[in-house]
Structure formats: C-alpha cells, structure tokens
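Working notes, beginning with the structure itself.
The values are calculated or read from the model by the stated rules, or taken from the named source; none is laboratory data. All figures in this text were calculated on a predicted structure; none of them were measured in a lab. Every residue, glycine as well, gets a Cβ built from its backbone with ideal geometry; the counts of neighbours run over all protein chains shown. Just so you know, the surface numbers come from the protein's heavy atoms only, side chains and all, with ligands and any DNA or RNA stripped out. Shrake-Rupley method; radii C 1.70, N 1.55, O 1.52, S 1.80 Å.
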Amino acid sequence: MEQGANLHGLTMHPLRESLYEELHSRPFQVIPSPARITHMAVMCSPEQCAEQFEHLKTLYAHFGKTPPERDQLCYHVDFGQLRVRREKHMEFTTYTFINSEVEQGGNPFDRTGISLLPEGWLAGIPGTVISAFHIATEDARQAQELSLPLVKRFFEGMRLVGSSPQQGDARVWTTFQLHSDGFGRVLIYNKQMSDSQLGRLTQRIMEIETYRVMALLALPLAREFNPQLSEMDRQLAAITASLADTSNGVEEKSILARLTDMAAWVEDCRARSTFRFSATYAYHELVIKRLDELREDEVSGHLTITEFMTRRLTPAVRTCQAISSRLEDLSKRIDRVSDMMRTRVELAIQSQNQALLESMDQRSKIQLMMQHTVEGLSVAAISYYTIGLTKYLLDALYNNGVDFNKDLALGIAVPVVVTTVALITRKIHKRFTKLAGVIQPGSKKAE
C-alpha cells in the first residue's frame, strides 16, 4: 500500500502505517451462544510480560500450531474448540479463553473457557492475577430463559445484579463477587442479538469488570493515608497556632525540623500515590463510558450494572480524589508555614547580625582610641631612641676635634626630633585613613 502511494511522489511519515493499524489492533470478537468464556487480567512487569509471550508459545505447541515470532499488542488464535486472545495494556495483560463447543442447559458454569487448557498451563502464567471471571452465554431464542431462583443457584445464592442491555436484546446476571472457585461469574441470555453484537456486549462487560477492579487499587492507599493525614492536619494547626501566639517564645529549629519531617512524609505519599490515583481516575472514566454504551433497561427488583457501579465504585473513586486533594493542600500549607518560619529565622539572623555589627563598631572605636594612645607612646619611644643615636653622633664629633657645646646641641635636638617624629607619624596616619576611606572592595584602586 505504501509503495502504491509513493508512486505519486509523496513522502510518507514513518509511523503512518502503524497509526492506521492501531485502530484495528483490538477488534471486537464474534461470540456465539451458547459459549463459555473466561477472562483474566494479569498485572506484570516488562520482564514478566516477555515471559508471558514465551509461555504463550507453549500453548501453540500443545495444540500443534506454529507460534508467532514476535510479541504484539493483541493476539487472537483459534485452536478449534478453544479460542485464545491475549492483549497487552499499560499495567496488565488480559487473557480471554472462549470455549464454543458446549451444549445449552444444566449449570452454565460447570464448563468454563479454561476447561480445555492443558493441565498446569494456567498456573504457569507469569504475573499476578487482579481480575478473573467466567462468562456463560445462553441462547434464549432456542430455550426459555430460566427462572430467577434457578439463576440464583448458579451464583451460589449471592445477591444478583441484573439488567437488560441494548434495549432489552439481552439479559445479564452477575454478582460482582468471587465464588467458591475464586472466579467471578456473569450469565448472559441472548434474546435477539447477532454473534457480532453479542461479542461487543461481552467485551464491554469484560472491560467494565476489569477496569473497575483496577480503579479500586488506589482505595487501600487512600484508606492508609486518611488517618495519618488527619494527624498531620492537627500537628500543622498546632504549629500555626504557636506561630500566631506572640506571647510565648518559639523554638525555630525544632519547628523547622518538624515541618521538614512532615513535608518528607507528604512527598513520600505523593510519590507512592500520584500514578495510582491518576490511573484510578482514568479507569473510572473508562468504566462510565462502557456503562453508557450498554444502554441498560432495569430488571424489576434488581440493581442494574450502572446503578451498582455508580453506587459503589464512584464513592470509592471520590474518596481517592479527596485524599489526593488533601495531600496537595497539606503540601501547600506546609510550604507556607515553612516560608513563615524561614522568614522569622532570617529576621532573627538579621537582628543578630545588626547587633554584631554594632558590637564590632564599638570595639573599632575602642581600638581606635587605643591606637591613638599607642601612637603617642610610639612617638615618645621613637624620639627617645633617636635622641640616643644623636647623642652618640655628637660625642663622636666632639671627640674627633670638633669644638661645640654638646649639652646645648643635644638640648636643641630634642624638640626638633620630637616634632619631626610626631609630624611623620601624623602624616602616615592621615595617609592610611585616606586610603581606608577612598579604596572600597571591588573598586579599580583596590585592584
């Protein structure tokens, strides 16, 4: 097909063909009545998904079929009496086993879709089963629909949920509970539907049951977080109240440590639950869409599938939404209180720095006064030593024949030396004082 299109000289997108095939990758099945179907959803990792494909090949070998060479999103294989369909989803893989070689009458769940599988093959599927149930389709056009007490016996006396989907073209009975064999059960009476229509109805019911279980996976997390969130709310309210009460002192270090622990707990909860809660909303939306597609009519005295789901599933999803919102709200409140605490700490640090600067300024003044005192003493000391050197010079001149009054010359030298030393010291002091006032850090002169 691509080569023909290229005859026109067009450049085709490399994903064009796969995008066209995507819409046809999961076609509705054609299911006869009567038939026995088993549907399973198995949660698995990418490694387990690859192992499942290898495990599926053993089923091909058992029935004498050539196994596929590579894995695909959806496999559908007909082994004669048994048809098998495997689909890969984001979090799980589904298996649908259809046994069409059955006779109508008796207990419809005596034989199931997995009755024809080789012994031990089902137990060897890698992964964890999250949903598993049997579906029995009966033809109400060939035999009269069974009475309600007899139908109830097929479901081990459990409370029934029933409806007439597709505007009464079929009758569906189920319990949305696990039975003694560990599987759920669904009974469909086909009144006037074709095999294709029955296949679409069955597919919707399988998706409703699978997606509603996947949607409920977040509920245990929500219930786990709820009491801890209430305690966190109480603690945060107490911290906020202590900050608002200015009469008592606040231990910023202790409160910041508590806030850090609370923020770490909230982020851990969000990391554990964000994907799960988001998946719950998506699965719930799919369930509601499939329920709308059923176009159910009520069966007198029984909840319809839509009524049952909206009454039980929707509140559970809203609980998850409420917990998710509380986590988000608590995270924002902790951030706000932490900002307040950081602001208080910064103000306290600034106040301490200001007090420290004032103390340093006071010490600088004291040091300056001491420096002036030391300068005066240093002038006297330098002058004393200079006069001593001058006396040696005068003695040397006098002893070598120079006739002058030593005492008078030494007396005249004293004020001259003292004045000269004082002027030089003052000039040096002024020079350094000028440098300290002109040269600032980062200026060109400083460089």
Quiz prompt | Of all residues in region 398-432 being of a type in the set (Phe, Trp, Tyr) and either modelled with pLDDT of 80 or more or open to solvent by 60 Å² or more (accessible area, probe 1.4 Å) (or both), the one that is farthest from Gln371 (Cα to Cα) | solution = Tyr398
Quiz item: Looking at region 182-196, is at least one residue touching a helix residue (DSSP H, G or I) at 6+ places or on another chain (Cβ under 9 Å), more than 24 Å from Val299 (Cα to Cα) and of a type in the set (Gly, Ala, Ser)?
Solution: no
Practice problem: For region 228-237, state whether one or more residues are in contact with a helix residue (DSSP H, G or I) (Cβ under 9 Å, 6 or more places away or on another chain), in a helix (DSSP H, G or I) and open to solvent by 60 Å² or more (accessible area, probe 1.4 Å). | Solution: yes
Self-check item: Filtered residue count, region 66-91, keeping only those that are of a type outside the set (Ser, Thr, Tyr) and more than 18 Å from Gly113 (Cβ to Cβ)
Solution: 11
Practice problem: Output the residues belonging to region 161-181 that are among the hydrophobic types (A, V, I, L, M, F, W, C) and closer than 14 Å to Phe109 by Cβ. | Solution: Trp173, Leu178
Exercise. Tell me, yes or no, whether region 141-156 has at least one residue that is in contact with a helix residue (DSSP H, G or I) (Cβ under 7 Å, 6 or more places away or on another chain), among the hydrophobic types (A, V, I, L, M, F, W, C) and either under 24 Å from Lys289 (Cα atoms) or not in a loop (DSSP other than H, G, I, E, B) (or both).
Key: no
Exercise. Looking only at region 123-135, decide whether some residue is touching a strand residue (DSSP E or B) at 6+ places or on another chain (Cβ under 7 Å), assigned to a loop (DSSP other than H, G, I, E, B) and buried (at least 17 other Cβ atoms within 10 Å of the Cβ).
Key: yes
Quiz item: Yes or no: Leu377 modelled with pLDDT of 80 or more, out of contact with any Ser or Thr (no Cβ under 8 Å at 6 or more places or on another chain) and not charged (D, E, K, R)?
Solution: no
Exercise. Kindly list, by first and then second residue, each pair from a residue in region 231-251 that is at pLDDT below 85 to a residue that is assigned to a loop (DSSP other than H, G, I, E, B), limited to pairs with Cβ atoms under 8 Å and residues at least 6 apart or on different chains.
Key: Ser242/Asn248; Ser242/Val250; Leu243/Val250
Self-check item: Count of region 36-74 residues which are in contact with a helix residue (DSSP H, G or I) (Cβ under 8 Å, 6 or more places away or on another chain) and part of a loop (DSSP other than H, G, I, E, B)
Solution: 5
Quiz item: Residues of region 199-217 being open to solvent by less than 10 Å² (accessible area, probe 1.4 Å), out of contact with any Ser or Thr (no Cβ under 6 Å at 6 or more places or on another chain) and within 20 Å of Ile98 (Cβ to Cβ), which ones?
Solution: Gly199, Leu201, Thr202, Met206, Ile208
Practice problem: Tell me which of these Pro220 doesn't satisfy, since it passes every other one: (1) within 15 Å of Leu313 (Cα to Cα); (2) surrounded by 14 or more Cβ atoms within 10 Å (Cβ to Cβ). | Solution: (2)
Quiz item: Do you know which residues across region 1-35 are open to solvent by 80 Å² or more (accessible area, probe 1.4 Å), modelled with pLDDT of 80 or more and part of a loop (DSSP other than H, G, I, E, B)?
Solution: Leu10, Thr11, His13, Pro14, Leu15, Phe28
Exercise. May I ask you to verify whether Val186 is among the aliphatic types (A, V, I, L, M), in contact with an Asp or Glu (Cβ under 8 Å, 6 or more places away or on another chain) and either surrounded by 21 or more Cβ atoms within 10 Å (Cβ to Cβ) or part of a helix (DSSP H, G or I) (or both)?
Key: yes
Quiz item: Looking at region 336-374, which of the residues that are open to solvent by 80 Å² or more (accessible area, probe 1.4 Å), within 30 Å of Ala264 (Cα to Cα) and charged (D, E, K, R) is modelled with the highest pLDDT?
Solution: Arg336
Quiz item: Restricting attention to region 59-78, which residues are without any contact (Cβ under 8 Å) to a residue 24 or more places away in the chain and of a type in the set (A, V, I, L, M, F, W, C)?
Solution: Ala61, Phe63, Val77
Quiz prompt | Only listed residue being under 60 Å from the mean Cα position of the chain (by Cα) and hydrophobic (A, V, I, L, M, F, W, C), chosen from Leu423, Leu410, Leu356 | solution = Leu356
Quiz item: Before we move on, is Glu51 under 23 Å from Leu217 (Cβ atoms), surrounded by 15 or more Cβ atoms within 10 Å (Cβ to Cβ), out of contact with any Ser or Thr (no Cβ under 8 Å at 6 or more places or on another chain) and in contact (Cβ under 8 Å) with a residue 24 or more places away in the chain?
Solution: yes
Exercise. Return the total of residues in region 289-301 being over 10 Å from Gly168 (Cα atoms) and either of a type in the set (Lys, Arg) or surrounded by fewer than 17 Cβ atoms within 10 Å (Cβ to Cβ) (or both).
Key: 6
